[in-house]
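Only one structure is covered here, and it is reproduced in the block below.
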Amino acid sequence: MNSPATIDLLGRLDAVAFAADKKTLRITFAAGGALGRLGFSADEATGDAQFLIKRLHPDDRERFLALLQGVAADGKERRLEHRMVSADGAERWFRTEMHVAQSEGQVLGLMIDLTDARRTAEALHATEAHLRQVLDNAPVIFFAVDKNGIVTLSAGRGTRALGHQGGQSVGRNVFELYPEETELHGLARRAMAGEELTTTNHSRGAWWDTHWTPLFDAEGRPDGFTAVSVNLTDARVAQGNLAHSNALLRATLEATTDGILVVDGQGNVVDCNARFGEMWKVPPELLTTRNDERMLAFAITQLRDPEGFLARIDEIYANPLSVTHDIIEFLDGRIFERDSRPQLVDGANVGRVWGFRDVTAERRATRRATFLAAASKILAGPLENVTPLDVVARMTVPWLCDWCHILLVEEDGSASSAAAHHHDASKIELIRRMRPDLRKSDRGVGRVIATGEPSIANDIADEMLGGALDSVPVSLQTRDQVDILRSLGLRARMLVPLHARGQIIGCIVFATANPHRRYDQDDLNVAMDLAQRAGLAIDNQRLYQTSKQAVALRDEFLSVASHELRTPVTSALIAVQSALSVGDEAPVSFLRQALGSAERQTRRLGKLVDALLDVSRIQAGRLELQREPLDLGALAREAVALLAEDARRAGCDVSVEADEALVGRWDRARMDQVLSNLLGNALKYGAGAPIHVSARRDGERARLIVRDHGIGIAESERERIFERFERAVSSKHYGGLGLGLYIVRRVVDAHGGEIRCESTPGAGATFTVALPLQ
Amino acid sequence: MAGGVLVVEDDEDIRADLAAILRVKGFAVEEAANGKEALAHLRDGARPCLIVLDLMMPVMNGWELRTAMLEEAALAHIPVVVVSGKGRIAADEEATLAPAAVLVKPFELSELLELVGRYCPRDGAAPAGR
């Protein structure tokens, strides 16, 4: 062993070979390359082989010596790992094997330096632990399974979800480990068969994305697999939340009654709801282009003020962060509120959101209420030099119509133009020329007047007014009038009946040439409301006129009555004072004249008072007749005889022509009143010309005629003179209460008869009374 | 030479009564039943000392007669007592009528007699007053 060749050989080994005496246990020989590692030379070891024992780590020395002793004692081979201390004091690990040499009674040992291998193993171990830690903390499950289905590795934080720490499943059969996961079993078998897979499945309350990688042995045969599963649950939840938010946003967008449009910074339509398309009437094919510019070009054609609209948009885009709120008016009358604001994402301006709300109904309701309130106020107030109908016609233009024409039904059944207005004043005269034929009760104004039903017509085209007069849907009288309507550009109209005095007195036409304007029930309601208020105003104005006339009539009557009463009183007073002022020597003729006057004037006063009382009775409906058999001829003769003195004074010859026994059942006093009033008028207005009275039978009737040749009565007055307080003559020329003929007619009416008046002004008048004999 | 009193009145009783009492009181009296008769009389040359003029009359009323008189220089100066049956007459109407006096019906006979006495001489032929 001590040969130089052996020592040289041993010196090349990374080990130390030694020999110890079996009996003494002393190290007798030590050599080997590893000595150098311990900082010793081969010479040192040869000189003092015992140094090996000295270089043993103090903690391991006893174990080493015990092992040596054991080997020496029984000759069995033993080994141990222990530390040595090198020359510089560092520890080195060795594995030492000892056995007894068969020939020389020595214990031979071989110490192999493990230090580097151990360090490598430790580093490997540390790396593996680190990897393990990384794996265990990764949000994954990592499985390695061999070809028999045995788990060789299980790691990853995800394994906690499986209910055990990763390491616990190692060594177990993967199919037995999770017997319920039949879906996974199938996938595992496919991976074991060599298939690479990526799968997503739901298991144990979570979503997993798994990549299966088959393993192969050197010969390329399947040799198990690895599976890496990533828990997708959080991502899925986040994705789900996002989808939910989007769905909610979409539902909200579509549920709102506002039209919403989102445009990005490049002028592309990012989004809009269906309502937006509806409100702006954007065709679906245009909507799908998502081109903001084209959609804008389409939209502005509908606007009342397209230039203003575009200018406003420029202004808004010039101030990218502005939030604006304004109003858009459409040609068809619709009104939108527009809200515009920047779309900010994390503070960055990425576009603009436009909101449109149709406020037509509420705006119109407000306008209507304001308009009607104003109309009421004007119509209820005093109307100077203007009729309620003029007010209506003017007020409705232009906000309700382009022109308004009010037609009234005349007594003869024709229509007259009572008021007209057009926003273009030059067209008012054209409108006034249009007159419906009210006999055409199946269409237009004629129908409204006939039925009292209002009507609306929209979308009227020129062609509709182009046919023959009988075929056009309007009731105008002539083709020319229809042409006027056409020239005015009629596109829509409303016809509303006008009521006053409890009946239909006319029709109001509201018309427009605006092709976008369509009248609806709301418009009709306004028109009807207005017509009703106009009707009330007409009634009120009529009542006002009537009451004004009544007051004027009353004043006139009081004036006339006071004159009428003063005259006989004055006359009687003068007569009486005359008689009293003369002495006893006054001639009898003078006294007779005075007393005669006094008597006549007093009677006249009595008649005036009777007449006033009669009027009261008639007004109160208390004109009672006391009928008795009465000979009208005899009564006429008596009346003429009684008025002989008056006739003389008036210078009129009165002749009577009467049938014998013209007997009926009449009230004597009232018929006497009729005769004396008619004769009195004949004398008063007879201008001293002859008067003729006749009372004759005419079939079942008696006919009484009083004819004078005086001043006569104008035709326009012939009906009026029978009214209370009315007279055909000036009160500056003729006295009288204006009650005589009124009383006559009422008495004749009460007897079931009738009276009429014929006259030639300047040539006299004839009053004819017809009375039933039975 | 001035004539008598001209009574212009359509009511025959009043006219006759006034004429009678004026005559009894010693005045000369002429009568007209309306303005037209009176105007004709005046244009015939009559120059009454006073005209007692009722306003409301047929044919030609008091206003019309007065207007015609005032337009004729020869007649404009004749004093006129206006008799109103309609109460007091308005100021503008009075300015148009330019009357010497206004009597409102019913008036006192003594008032009329006093006025007539102021403008007209009594002929003294039949002084029948007290």
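Tell me the label-point distance for the pair A:Ser322, A:Ala365, using the 7 Å Cα-to-Cβ offset, in nm and rounded to one decimal.
3.1
So what is the relative contact order of chain A, in percent, for Cα pairs below 8 Å that sit 6 or more residues apart?
Details: 1310 pairs, mean separation 37.0, N = 774.
That works out to 5 percent.
How high is the relative contact order of chain B? Use alpha-carbon pairs under 8 Å, at least six apart in sequence, and give a whole percent.
On the way: 213 pairs, mean separation 37.1, N = 130.
Reported as a whole number, the value is 29 percent.
Suppose every Lys and Arg Cβ carries +1 and every Asp and Glu Cβ carries -1, with no other charges. What dipole size does chain A come out with about its Cα centre, to the nearest 20 debye?
Details: 93 positive and 106 negative charges, 479 e Å.
I would put it at about 2300 debye.
I'm a student and want to see the number: the projected area of the Cα convex hull of region A:449-561, averaged over all directions, in nm². Can you show the working numbers first?
Details: hull surface 38.9 nm².
Mean shadow area of the hull around the Cα atoms is 9.7 nm².
How far is helix A:740-750 tilted, in degrees, relative to the longest principal axis of the Cα atoms in chain A, given as a value from 0 to 90 rounded to the nearest 10?
80
Take the protein assembly as shown, compute every pairwise Cα distance, and split them into 20 Å bins from 0; I just need the percent in each bin.
For the protein assembly as shown, the pair-distance distribution reads 10, 17, 17, 12, 11, 7, 8, 6, 5, 5, 1, 0.
Between A:Gln626 and A:Arg160, 0.36 nm times their residue separation minus their Cα-Cα distance comes to what? Intermediate values should be presented prior to the final figure.
On the way: separation 466, 0.36 × 466 = 167.76 nm, distance 12.62 nm.
Stretched out fully, the A:Gln626 to A:Arg160 stretch lengthens by 155.1 nm.
How big is the C-alpha Rg of region A:598-669 next to the rule-of-thumb value 2.2 N^0.38 Å, as a ratio? Write out the running numbers ahead of the final one.
Working: Rg = 15.3 Å, N = 72, 2.2 N^0.38 = 11.2 Å.
Normalised by 2.2 N^0.38 Å, the Cα Rg of region A:598-669 equals 1.37.
Find which of B:Pro79, A:Thr200, A:Ala274 sits farthest along the positive direction of the dipole of the protein assembly as shown, computed with +1 on the beta-carbon of Lys and Arg, -1 on that of Asp and Glu, about the Cα centre.
With unit charges placed on the Cβ atoms, the residue in question is B:Pro79.
For A:Leu642 and B:Glu72, FRET efficiency with R0 = 35 Å and r from the beta-carbon atoms, rounded to 0.05?
Numbers: r = 43 Å, r/R0 = 1.24.
Plugging the Cβ-Cβ distance into 1/(1 + (r/R0)^6) gives 0.20.
Report, to the nearest 10°, how far helix B:62-71 tilts away from the longest principal axis of the Cα atoms in chain B, using its own Cα long axis and a range of 0 to 90°.
Relative to chain B, helix B:62-71 is tipped by roughly 80 degrees.
Quickly work out the A:Glu463-to-A:Ser559 label distance, labels modelled 7 Å from Cα along the C-beta direction, and quote it in nm with one decimal.
6.8
As I understand it, the dipole of chain A uses +1 on the Cβ of Lys and Arg and -1 on the Cβ of Asp and Glu, about the Cα centre. Which of A:Leu530, A:Gly710, A:His244 lies farthest toward its positive end?
Sorting the options by dipole projection puts first A:Gly710.
If one puts a single equal scatterer on every Cα of region A:353-473 and applies the Debye formula without solvent, what log₁₀ I(q)/I(0) results at q = 0.21 Å⁻¹?
-1.39
Against the longest alpha carbon principal axis of chain A, how many degrees, from 0 to 90 and to the nearest 10, is the axis of helix A:182-192 turned?
So the helix axis and the longest Cα principal axis differ by about 50 degrees.
Taking the inverse of the average 1/r across all pairs of different Cα atoms in region A:101-221, what Kirkwood radius in Å do you get? Before the final figure, lay out each step's value.
Details: mean 1/r = 0.0577 Å⁻¹.
Its Kirkwood hydrodynamic radius stands at 17.3 Å.
What does the extension gain come out to for A:Gln50 and A:Ile300, with contour length at 0.36 nm per residue minus their alpha carbon separation? Mind dumping the intermediate values first?
Details: separation 250, 0.36 × 250 = 90.00 nm, distance 11.22 nm.
Between A:Gln50 and A:Ile300, full extension yields 78.8 nm more.
Please give every one of the lysines within straight-line cross-link reach of A:Lys377, meaning a C-alpha to C-alpha distance under 30 Å, and leave out same-chain neighbours fewer than 8 residues apart.
Cα-Cα hits under 30 Å: A:Lys427, A:Lys548.
Could you work out the helix-only [θ] at 222 nm for chain A, with each DSSP H run of four or more residues adding -39,500 (n - 2.57) and the total divided by the number of residues, to the nearest 500 deg cm²/dmol?
On the way: 24 runs with 324 residues, N = 774.
Helices in chain A give a 222 nm mean residue ellipticity of -13500 deg cm²/dmol.
If the cut-off is a Cα-Cα distance under 26 Å, which lysines reach A:Lys22, setting aside same-chain residues fewer than 8 apart in sequence?
A:Lys54, A:Lys76
Please give the contour-minus-distance gain from A:Gln343 to A:Thr198: 0.36 nm per residue of separation, less the Cα-Cα distance, rounded to one decimal in nm.
On the way: separation 145, 0.36 × 145 = 52.20 nm, distance 4.05 nm.
Here the answer is 48.2 nm.
Expressed as a rounded percentage, what relative contact order does region A:198-240 have, with Cα pairs under 8 Å and six or more residues apart? Provide the component values of the computation, followed by the final result.
Details: 60 pairs, mean separation 14.7, N = 43.
This gives 34 percent for region A:198-240.
Cut-off under 29 Å on the C-alpha distance; same-chain residues fewer than 8 positions from B:Lys36 excluded. Which lysines are left, in chain and number order?
Filter leaves A:Lys684, A:Lys732, B:Lys25, B:Lys86, B:Lys105.
Tell me whether region B:1-72 comes out rounded, prolate or oblate; compute the Cα gyration tensor, take square roots of the eigenvalues as a ≥ b ≥ c, and use a/c under 1.5 as the rounded threshold. Kindly include the intermediate steps, with their values, before the conclusion.
On the way: a/c = 2.32, a/b = 1.23, b/c = 1.88.
It is oblate, given that a/c is not under 1.5 and a/b is not larger than b/c.
Let's test the formula: R0 of 56 Å, r as the Cβ-Cβ distance of A:Arg189 and A:Thr288. What FRET efficiency results, to the nearest 0.05?
After rounding to 0.05, the efficiency reads 0.65.
If R₀ is 56 angstrom, what is the calculated FRET efficiency for the pair A:His244 and A:Arg221, using the beta carbon separation as r and rounding to 0.05?
0.70
Once both labels are modelled 7 Å past Cα along the beta-carbon direction, what's the A:Leu580-A:Gln69 spacing in nm?
So the two model labels end up 19.0 nm from each other.
Mind putting a number on the dipole of chain B about its Cα centre? Charges go on the C-beta only, +1 for Lys and Arg and -1 for Asp and Glu, and I need it in Debye to the nearest 20. All intermediate terms of the calculation are to be shown ahead of the outcome.
Working: 13 positive and 21 negative charges, 90 e Å.
Value, rounded to 20: 440 debye.
Quick one: compute a quarter of the convex hull surface over the Cα atoms of region B:5-119 and quote it in nm². List each step's numbers first, then the result.
Working: hull surface 25.5 nm².
Answer in nm², one decimal: 6.4.
No lab work stands behind these numbers, since they all come straight from the coordinates. Remember, predicted model here, so these are calculated numbers, not experimental data. All Cβ positions, even for glycine, are placed from backbone atoms using ideal geometry, and neighbour counts span all protein chains on display.
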